[in-house]
Structure formats: structure tokens, C-alpha cells
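S.K.: Below is the structure I would like to discuss, written out as C-alpha cells.
The values are calculated or read from the model by the stated rules, or taken from the named source; none is laboratory data. Fair warning: this is a prediction, and the values are worked out from it, not measured in the lab. Neighbour counts run over all protein chains shown; Cβ positions are idealised from the backbone, glycine included.
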Amino acid sequence: MKKKVLLMGKSGSGKTSMRSIIFANYIARDTRRLGATIDVEHSHVRFLGNLVLNLWDCGGQDTFMENYFTSQRDNIFRNVEVLIYVFDVESRELEKDMHYYQSCLEAILQNSPDAKVFCLVHKMDLVQEDQRDLAWSSIVYQLIPNVQQLESNLRNFAQIIEADEVLLFERATFLVISHYQCKEQRDAHRFEKISNIIKQFKLSCSKLAASFQSMEVRNSNFAAFIDVFTSNTYVMVIMSDPSIPSAATLINIRNARKHFEKLERVDGPKHSLHMRMR
Amino acid sequence: MGSNSRIECIFFSEFHPTLGPKITYQVPEEYISRELFDTVQVYIITKPELQNKLITVTAMEKKLIGCPVCIEHKKYSRNALLFNLGFVCDARAKTCALEPIVKKLSGYLTTLELESGFISNEESKQKLVPIMSTLLEELNAKGECTLPIDESNTIHVKLIDQRKDPLIVQEYDVPVFTECKDEFFRSQWDLTTQQILAYIDGFRHIQKISAEADVELNLVRIAVQNLLYYGVVTLVSIFQYSNVYCTTPKVQNLIDNKSVQEECLLYVTKPGQKRASLRDVFQLYCGLSPGTTVRDLCSRYAQQLHRVDERKLIQFGLMKGFIRRLQKYPVKATRGDRSRPPQLYTGCHSYDEICCKTGMSYRELDERLENDPNIIVCWK
């Protein structure tokens with residue numbers, strides 16, 4: 001399944017930087033070396049196995065923008081699933097920015113009326129990584145085809161194994177694509193923080209030519225398990241009941257794997273969950 | 001400078017960090033329309049894959065030749081400087097000769113920028129306008145231009161005429177100098193050419209030159225081909241009294257063109273004799289026809305040949321295209337019976353070629369073929 005994602009906005013607002021960080025494993029420092037995007041840069045990102053994001057990173061200089069609304073209008077604005085418009089919070093030309101945004105909306109309305117539109121406000125010099133990941137998680141969440149089903153299955157799984165919280169991450173980008181929690185947690189930004197921590201760790205591992213497989217973190221209050229889940233996802237399970245041994249949780253995760261694998265194949269038949277109890 | 005590669009406009013285009021690709025300067029002003037630029041801009045300020053390559057794009061009856069340059073450095077906004085200095089010509093113009101100049105200019109500008117920030121500095125960038133004006137004027141007028149840029153840099157560009165590829169030189173071809181041999185500067189040429197020069201007399205063919213000058217056959221061919229390319233020599237065929245020639249329509253030039261007449265009479269007159277008359281010479285040329293050998297001509301026109309060297313006559317006629325040689329091409333008419341060497345008797349190989357390749361003389365070949373009922377000889 002292919003979904004076209006338009007990335008538009010003022011020149012220098014950080015579109016290419018963001019795309020590189022989220023999908024190409026750049027770290028913030030790397031993006032400072034990026035050159036200006038000439039016209040449109042196309043890239044294909046494989047997400048969750050059967051979903052391909054067709055990213056159109058559109059250069060924001062005046063000459064290009066004017067072109068998009070005139071000679072390239074149909075080519076650019078047709079068949080769009082998601083439009084992401086990036087604003088630079090420090091822009092001195094708000095009127096011009098608004099004018100372009102409006103033209104974009106008009107063009108989208110004409111050519112892809114069902115497209116979803118997201119606005120991101122970006123601050124170039126402050127690298128707010130948490131915010132960025134949260135934003136992109138929400139965007140990508142909208143693109144996943146069977147997200148409802150994923151969530152209900154995750155809920156079932158968590159309840160059966162008595163986990164406090166379960167997170168599902170996309171394998172390459174480590175964006176949180178689904179989660180379940182049984183009670184309110186203190187830190188609302190924990191997902192982004194965890195995504196970031198694991199991503200950094202993964203990068204460090206790759207520098208040693210090692211690949212990240214799994215992690216178990218324990219103290220007197222909780223145990224957290226991060227492991228490869230399906231071919232396209234990682235799972236994180238938080239257990240606060242100290243009487244449940246690690247082995248049991250790990251076995252449960254292993255059994256759940258097969259079920260979730262089948263879910264990922266969109267046309268696969270529904271199966272019920274079989275879990276081993278302690 | 002032919003009107004073929006006239007430059008209509010020289011432009012300097014840049015990538016501006018917020019405006020995007022634009023034309024910063026063009027001479028004459030306003031030549032490239034907004035519409036034209038919008039159509040082709042993606043080939044003027046290009047994506048990385050097309051950078052630093054010569055690109056010619058034709059649109060709206062115009063041809064734009066440019067070389068997009070990208071200089072990467074973190075000192076530039078967006079980490080790179082992108083620009084393109086190009087020429088605009090009519091879409092039908094022949095622009096091959098301009099291409100090396102565009103490439104050279106892009107190299108000059110790159111060096112200037114790397115050495116002294118010539119382009120990124122707003123003040124020095126303005127000097128491009130008079131530079132572009134001078135280039136436009138002088139390239140169109142003289143085909144070359146020398147321009148000092150600053151105390152340490154000067155631009156030199158010149159249009160090199162594209163010549164046609166020369167013919168392949170065969171072993172049985174005879175090179176003859178088109179200009180006076182004495183005006184030839186030996187020292188400017190390579191060693192092989194210098195070695196064979198003495199043997200180029202308008203009568204020796206390539207194979208003979210190779211043997212007498214003791215230079216390998218292929219080297220002689222290449223050296224002569226080189227001289228042919230520059231128009232220093234032209235090729236004629238081997239002279240033999242048994243050769244047959246006929247006139248071409250160009251023989252009329254001898255009557256119409258006074259300077260060709262002068263040149264001809266000077267060339268064909270026997271040394272020590274009074275100058276030959278045009279009447280005699282013209283009669284001799286017209287006496288050449290299919291079926292008439294040079295030997296026949298000599299016996300028929302003995303009087304006219306009193307003051308004329310027949311070899312020089314033939315040579316001049318060939319060089320100027322007044323006459324052409326009629327060659328004999330043997331063709332094997334029936335299949336089956338093999339006579340040696342069979343593969344040469346296809347109608348595509350002349351007597352000259354066969355003799356050269358096999359070492360037979362004309363007479364030997366003639367005798368052999370006349371006795372073979374399966375071979376037909378065509379004159380072409």
C-alpha cells in the first residue's frame with residue numbers, strides 16, 4: 001500500500017532536516033550540513049512492512065512555490081493522503097507564509113479533498129526532539145491502516161499478562177504507533193523520551209557493528225522489557241507486579257508475537273489470543 | 001565566425017536562499033522571458049546529479065547552454081553556492097563550438113570564487129556585467145576574447161572551428177600538398193609527420209611512403225589523416241598512364257574563375273617553358289573521357305602537351321575536382337569455381353586496392369582477370 005505524503009513549507013523551515021531525522025536516522029548535528037532542496041525530492045520509506053510512504057519533500061523558495069501552484073499543480077496536489085505544512089516560528093514574513101499556506105489548502109481541496117492536513121510549527125535553533133517525535137507519531141498514526149484493531153489487540157494482550165503499560169514501536173523509526181496503559185502515568189512525554197533513548201542506543205550499537213536486539217531494565221518498583229516483536233515492530237512491556245518472574249513475561253511476549261505477525265498481514269484471518277498463564 | 005553559432009545572450013543565474021533560482025544578470029537585458037526561465041530553470045540550477053555537467057536545453061525556439069556549478073561550504077547560507085553562467089542561441093544554431101567555452105568559463109568562475117570569493121561578494125559580483133558584455137561582443141565579432149578580471153587573473157577563450165571528420169586514408173591513396181610545401185613549418189608537427197614529409201610529392205601512395213620512409217603503414221595513414229583534417233593535404237589516386245579519367249561539372253570553374261585559371265596554368269606548365277595557354281589546358285581536360293587512358297590522351301593531344309606536364313595536369317584536376325578517376329572493379333559473376341583471391345572480387349574493391357593488397361601489378365591483375373570467364377569488370 002502506497003501513501004503520498006506532501007511535505008511543504010517556507011524555505012529553511014526544517015522540512016528536510018525533520019525527514020532525515022525521522023526516516024533516515026540522521027542525528028540533529030548531521031542536518032546542519034544539508035543543502036537546500038532543489039524543486040521536489042522524492043523518497044520512499046517502508047513502514048510497518050506493507051505500508052510505503054511516498055514522501056514529497058518540496059523546496060520552499062518562492063520560485064518553486066509559485067511553480068507548484070501553477071504548472072505543477074496537478075502533479076503535486078493529486079492523490080495526496082497527508083499534507084504536512086511546516087511553519088518557522090521565527091519567520092518575519094507571516095503574511096507571505098499565510099498566503100502560501102492558503103494556496104496550498106486551495107490546491108489540496110481541489111485535487112485531494114480527502115487529504116489530512118497537519119501543521120507543524122518548527123523552531124530551527126532549538127532542537128526539540130520530543131515535540132518532533134510526538135508530532136510525527138500522530139501523523140504516522142493516521143496513516144496506519146488497521147490501527148484500531150492493533151490497539152484493541154494490544155489492550156487484550158496487556159490485560160492478559162497484567163502489564164501496567166505496553167508500547168508498540170515501528171522498527172526503523174522507533175515512533176510509537178500504538179500503546180495501552182491501565183492507569184494514568186506521571187510523565188506525558190515519556191513516549192518521545194523513550195523513543196529517543198532507544199534510537200540513540202541503537203545508533204551507538206551500530207557504530208560497534210552490533211545490532212540492538214532486546215533490553216531488560218529492573219528495579220524494586222518495576223521491570224521493563226524491550227524486545228523485537230514482529231518483523232516491523234518492537235514492543236515495550238512495563239510490569240509493576242514484582243511477583244511475576246521475567247521468564248513468564250518473556251514467554252508471553254513470544255507467544256503474542258505470532259498473533260501480531262498475522263495482524264500485520266492486512267488480509268490475514270482473525271485469530272484469538274492464546275497466552276500461557278503463570 | 002559563421003553566423004551559425006552567434007550568441008544572442010549571456011546570462012548569469014544563481015540560487016537565492018529565499019527566492020530560489022533566478023537570473024541575476026543577463027546581457028542584453030530582458031532577453032530571457034519569465035516564461036522561458038520558468039520552463040528551463042530546473043536545468044539551469046539543478047539537482048546534485050546534474051551539477052558540474054555541460055547541459056544544453058532547447059525550448060521556445062531558443063537553445064540555452066550552461067554548466068551548473070555547486071560549491072559546498074558551510075560558510076554559504078544553505079551550505080552551498082549554486083550558479084550557472086550560460087549562453088543563449090537560436091534553437092537552430094550549431095553550438096558545438098560554444099560548449100568548451102561554457103565549460104571553461106564555469107571553471108574560471110569556480111576558481112575565482114574559491115580563491116577570492118569573487119561571486120559570493122556582492123561588490124565583486126557586479127564586475128560580471130561588463131565581463132559578460134565584452135565576452136558577448138568579442139566572441140561574436142572575432143571568435144575570441146581575452147579579458148583581465150583582476151590583477152592576477154585573465155580569461156582567455158577562443159572558438160575552435162569544428163571540422164568534418166576526415167576520410168579514412170587507404171594504402172593506395174596519394175597525399176598531395178594543397179599549399180606550397182615550403183611554407184610548411186616542420187617543427188610544429190609530430191615526429192612521424194616530419195619523417196614522412198619529404199616523401200609526400202603527390203605521386204607516392206601511402207604504401208610506398210611507408211616503405212621508403214621506413215615508417216609503419218598505420219602510422220603513415222594516421223599522420224596523413226591528421227594532415228587531411230587540417231586541410232594541409234588532399235588525397236588523389238595513384239597516377240598511371242593506363243588510368244582513365246573523366247570530367248566533372250566543376251571543370252566549368254576553370255573558365256569562370258580567374259584565380260583558379262592562374263593557379264592552374266602556373267601549376268601545370270612544364271618548368272622552363274612559356275606559360276601554357278588556357279585553351280590547350282581546357283582542351284586536354286575535356287579530352288579525358290571513359291575509355292580514354294592518359295596514354296591515349298598523350299598521343300592524341302601531343303601538341304597541347306608541349307608545354308604541359310600531364311602528371312601535374314591530372315594532379316591539379318583531381319585536387320580541384322575538375323576530373324575524377326574511373327576505377328575498375330572486378331565482380332565475380334557466377335558462383336562455384338574459386339579463383340584466387342575470391343573475397344576481393346565483389347565489385348567493391350578497385351584494381352588499385354587489389355594491387356596494393358596482393359602486390360600484383362596492374363598488368364598481372366589484368367591478365368589474370370581477362371582469362372577468367374567468370375569475372376566481369378565494371379568501371380565506376
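S.K.: Among the residues of segment B:198-221, what is the count of those that are at pLDDT 90 or above and surrounded by 15 or more Cβ atoms within 10 Å (Cβ to Cβ)?
M.R.: Of the residues in that region, 14 qualify.
S.K.: So in segment A:140-157, with the set limited to residues that are hydrophobic (A, V, I, L, M, F, W, C) and more than 14 Å from A:L51 (Cα to Cα), which one is modelled with the lowest pLDDT? Steps first, please.
M.R.: Just the residues of segment A:140-157 that are hydrophobic (A, V, I, L, M, F, W, C), to begin with: A:140, A:143-144, A:147, A:150, A:154, A:157.
Retained after the next criterion (residues that are more than 14 Å from A:L51 (Cα to Cα)): A:150, A:154, A:157.
Values: A:L150: 81, A:L154: 86, A:F157: 87.
So the residue we want is A:L150.
Conditions (1) surrounded by 15 or more Cβ atoms within 10 Å (Cβ to Cβ); (2) within 14 Å of chain B (Cβ to nearest Cβ); (3) within 24 Å of the chain's Cα centre (by Cα), marked per residue:
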| position | (1), (2), (3) |
| --- | --- |
| A:L6 | yes, no, yes |
| A:G12 | yes, yes, yes |
| A:R29 | no, yes, yes |
| A:R92 | no, yes, no |
| A:E106 | no, no, no |
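S.K.: May I ask you to list pairs of residues, at least six apart or on different chains, whose Cβ atoms are under 9 Å apart, with the first in segment A:201-226 being over 12 Å from A:S240 (Cα atoms) and the second being basic (K, R) and modelled with pLDDT under 85?
M.R.: Listed by first residue and then by second, the contacts come to A:S211/A:K202; A:F212/A:K202.
S.K.: Output the residue which, of all residues in segment B:1-31 that are within 32 Å of the chain's Cα centre (by Cα) and part of a loop (DSSP other than H, G, I, E, B), is nearest to the other protein chains (Cβ to nearest Cβ). Step through it out loud before you land on a result.
M.R.: Going residue by residue through segment B:1-31, those that are within 32 Å of the chain's Cα centre (by Cα) are B:1-11.
Now restrict to residues that are part of a loop (DSSP other than H, G, I, E, B): B:1-2, B:6-8.
Working: B:M1: 35, B:G2: 36, B:R6: 29, B:I7: 25, B:E8: 23 Å.
Filtering first and then ranking leaves B:E8.
S.K.: Kindly establish whether A:M1 is touching a helix residue (DSSP H, G or I) at 6+ places or on another chain (Cβ under 7 Å) and of a type in the set (A, V, I, L, M, F, W, C). Outline the logic, then answer.
M.R.: Values: touching a helix residue (DSSP H, G or I) at 6+ places or on another chain (Cβ under 7 Å): no; of a type in the set (A, V, I, L, M, F, W, C): yes.
No: the conditions fail for A:M1.
S.K.: May I pose another question? Does segment B:67-113 hold any residues that are of a type in the set (S, T, N, Q) and either farther than 25 Å from B:S152 by Cβ or surrounded by 19 or more Cβ atoms within 10 Å (Cβ to Cβ) (or both), and which are they?
M.R.: First pass over segment B:67-113, keeping only residues of a type in the set (S, T, N, Q): B:77, B:79, B:84, B:95, B:106, B:110-111.
Within segment B:67-113, B:S77, B:N79, B:N84, B:T95, B:S106, B:T110 meet the criteria.
S.K.: Tell me the residue from A:L250, A:L273 that is among the aliphatic types (A, V, I, L, M) and at pLDDT below 80, please. Quick ask: steps written out before the conclusion?
M.R.: Values: A:L250 fails: at pLDDT below 80.
It is A:L273.
S.K.: Can you tell me which residues in segment B:291-313 are surrounded by 18 or more Cβ atoms within 10 Å (Cβ to Cβ) and over 16 Å from B:S277 (Cα atoms)?
M.R.: B:V294, B:L297 - these are the residues of segment B:291-313 that are surrounded by 18 or more Cβ atoms within 10 Å (Cβ to Cβ) and over 16 Å from B:S277 (Cα atoms).
S.K.: All but one of (1) assigned to a helix (DSSP H, G or I); (2) within 14 Å of chain B (Cβ to nearest Cβ); (3) within 30 Å of A:N196 (Cα to Cα) hold for A:Q149, so report the exception by its number.
M.R.: (2) is the only condition that A:Q149 fails.
For every residue, the table says whether it meets (1) more than 13 Å from chain B (Cβ to nearest Cβ); (2) touching a strand residue (DSSP E or B) at 6+ places or on another chain (Cβ under 6 Å).
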| site | (1), (2) |
| --- | --- |
| A:S20 | yes, no |
| A:G35 | no, yes |
| A:N50 | yes, no |
| A:E66 | no, no |
| A:F87 | yes, yes |
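S.K.: Oh, and also: Using beta carbons and a limit of 8 Å, which pairs, at least six apart or on different chains, have the first residue in segment B:11-34 and within 16 Å of B:K127 (Cβ to Cβ) and the second one among the charged types (D, E, K, R)?
M.R.: B:E14/B:K22; B:T24/B:E14; B:T24/B:K125
S.K.: Every residue in segment B:32-60 that is outside any helix (DSSP H, G or I), more than 10 Å from chain A (Cβ to nearest Cβ) and more than 12 Å from B:G86 (Cβ to Cβ), please. Talk me through it step by step, then tell me what you get.
M.R.: First, the residues of segment B:32-60 that are outside any helix (DSSP H, G or I): B:32-33, B:45-47, B:51-60.
Still in the running and more than 10 Å from chain A (Cβ to nearest Cβ): B:32-33, B:52-60.
Matches in segment B:32-60: B:S33, B:N52, B:K53, B:T58, B:A59, B:M60.
S.K.: Which of the residues that make up segment B:305-329 are assigned to a strand (DSSP E or B) and closer than 16 Å to B:L266 by Cβ? Talk me through it step by step, then tell me what you get.
M.R.: Filtering segment B:305-329 down to residues assigned to a strand (DSSP E or B) leaves B:308, B:323-326, B:328-329.
Scanning segment B:305-329 gives a single hit, B:V308.
S.K.: Here is a follow-up. Only residues that are touching a residue at least 60 places away in the same chain (Cβ under 8 Å), closer than 19 Å to B:S350 by Cβ and assigned to a loop (DSSP other than H, G, I, E, B): list them for segment B:155-210, please.
M.R.: Those that are touching a residue at least 60 places away in the same chain (Cβ under 8 Å), closer than 19 Å to B:S350 by Cβ and assigned to a loop (DSSP other than H, G, I, E, B): B:L167, B:V169, B:Q170, B:E171, B:Y172, B:F203, B:H205.
S.K.: Closer than 24 Å to B:K47 by Cα and within 12 Å of chain B (Cβ to nearest Cβ): is that true of A:C58 in this structure? Lay out the reasoning, then the answer.
M.R.: Numbers: closer than 24 Å to B:K47 by Cα: yes; within 12 Å of chain B (Cβ to nearest Cβ): yes.
Yes, satisfied.
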